[in-house]
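Asker: Supplied in structure tokens, the structure appears directly below.
The values are calculated or read from the model by the stated rules, or taken from the named source; none is laboratory data. These numbers were taken from a predicted model, which means no experiment stands behind them. No Cβ is skipped: glycine too gets one built from the backbone with ideal geometry, and neighbour counts run over all protein chains shown.
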Amino acid sequence: MWIHRLAQTLQQDFLPSHCLICLAACQSADLLCHACLNSIRRNPWACPRCGQPGSALSSYCHSHSHSDTALHFVQAGLEYSGVTKDLIHRWKFKGAVELTYLLVQLALETAPIRERYHGLVPVPMHWRGRWDRGYNQSRLLAQVLSLTFEQKSHRRTPVINSLRASPRKKAQHHIDRQQRLVSSRGRYTTRASFPNQSLLIIDDVVTTGATLEAVAKTLARAGAVRIDAWCLAQAPEVPAQ
Ligand SMILES: [Zn+2]
Ligand SMILES: [Zn+2]
């Protein structure tokens, strides 16, 4: 209907919309105003093993043996603070799944994916957590990334959903990386095999990298030969208590 189309055009071109974060008027196609967009902190230089901010191996990765890691390279494009933290909170806990595309594009600006992978592996959630939230946020990220690759290069990178997670043993907030590594060990399983494949693990927020490491070990046991990880954001590590 032409009147419907006219109304849509008017809305898109003339009526201002509002920034999601600060409610300032902005271009109707944008979800964020310039000020909020510019305030987003990037995490371009990160430890290649655990994603901690810095330009080289983090002190943790420096002082621990390299032979026991299955992860080759970790990227997390944004710092988990300010506007990013607010966006991720709405997206993850308030059901704002429409923010998936924006978050992926923001993170890709600082953490582009240049390798070709046989598959994208979202970090699985235990079914009870998925039931409570209604979706697995890492799977949404992987689906949007897969579509983005396909639009750019006309190649399909499948999303691999064959991993299973057992429930967490205890709250993760107050334990350090070493304790997290121990509590994440054996949490993820798969019946699939990935002989000689290169895989990219997808997660939303990386804190210590222990979850990524546990998923990577499962994939390595299933035959994968190169395992990297891509995450939206890096959270500062909570000091051990
Ligand atoms: Zn704003
Ligand atoms: Zn590190």
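Asker: Which fully enclosed helices (runs of 4 or more DSSP H) of the stretch 126-195 have 3 or more residues being surrounded by fewer than 13 Cβ atoms within 10 Å (Cβ to Cβ)?
Answerer: Helices (runs of 4 or more DSSP H) meeting the threshold: 127-133, 137-153.
Asker: Quick test for you: out of 157, 110, pick the one residue that is in contact with a Lys or Arg (Cβ under 6 Å, 6 or more places away or on another chain) and not charged (D, E, K, R).
Answerer: Going through 157, 110 in turn, just one is in contact with a Lys or Arg (Cβ under 6 Å, 6 or more places away or on another chain) and not charged (D, E, K, R): 110.
Asker: Out of the residues in the stretch 196-241 that are under 17 Å from the mean Cα position of the chain (by Cα), among the polar types (S, T, N, Q) and not in a strand (DSSP E or B), which is farthest from residue 92 (Cα to Cα)? Outline the logic, then answer.
Answerer: Step one: of the stretch 196-241, the residues under 17 Å from the mean Cα position of the chain (by Cα) are 199-216, 227-237.
This time we only want the ones that are among the polar types (S, T, N, Q), so: 207-208, 211, 234.
Adding the requirement that they be not in a strand (DSSP E or B) leaves 207-208, 211.
Working: 207: 16, 208: 19, 211: 18 Å.
Looking at residues that are under 17 Å from the mean Cα position of the chain (by Cα), among the polar types (S, T, N, Q) and not in a strand (DSSP E or B), I get 208.
Asker: Looking only at the stretch 87-108, decide whether some residue is touching a helix residue (DSSP H, G or I) at 6+ places or on another chain (Cβ under 7 Å), touching a residue at least 12 places away in the same chain (Cβ under 8 Å) and in a strand (DSSP E or B).
Answerer: No, the stretch 87-108 contains no residue that is touching a helix residue (DSSP H, G or I) at 6+ places or on another chain (Cβ under 7 Å), touching a residue at least 12 places away in the same chain (Cβ under 8 Å) and in a strand (DSSP E or B).
Residue-by-condition table, conditions (1) in the same structural domain as residue 182 (by TED's automatic domain parsing); (2) free of Cβ contacts under 8 Å to residues at least 60 places away in the same chain; (3) of a type in the set (A, V, I, L, M, F, W, C); (4) touching a helix residue (DSSP H, G or I) at 6+ places or on another chain (Cβ under 9 Å):
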residue: 111; (1), (2), (3), (4): yes, no, yes, no
residue: 114; (1), (2), (3), (4): yes, yes, no, no
residue: 136; (1), (2), (3), (4): yes, yes, no, yes
residue: 153; (1), (2), (3), (4): yes, yes, no, no
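Asker: Residue by residue through the stretch 38-53, note down the ones that are within 16 Å of ligand 1 (Cβ to nearest atom) and in contact (Cβ under 8 Å) with a residue 24 or more places away in the chain.
Answerer: Correct list: 39, 40, 41.
Asker: May I ask you to verify whether residue 225 is surrounded by 21 or more Cβ atoms within 10 Å (Cβ to Cβ), among the β-branched types (Val, Ile, Thr) and under 29 Å from residue 45 (Cβ atoms)?
Answerer: Numbers: surrounded by 21 or more Cβ atoms within 10 Å (Cβ to Cβ): no; among the β-branched types (Val, Ile, Thr): yes; under 29 Å from residue 45 (Cβ atoms): yes.
No; evaluated as a whole, the condition is false for this residue.
Asker: So, one more: For residue 119, are the conditions met, namely being surrounded by fewer than 17 Cβ atoms within 10 Å (Cβ to Cβ), under 28 Å from residue 185 (Cα atoms) and not acidic (Asp, Glu)?
Answerer: Taking the combined requirement at face value, the residue does not satisfy it.
Asker: Which of the numbered conditions does residue 49 fail, given that it passes all the others? Conditions: (1) surrounded by fewer than 21 Cβ atoms within 10 Å (Cβ to Cβ); (2) within 10 Å of ligand 2 (Cβ to nearest atom); (3) at negative phi.
Answerer: (1)
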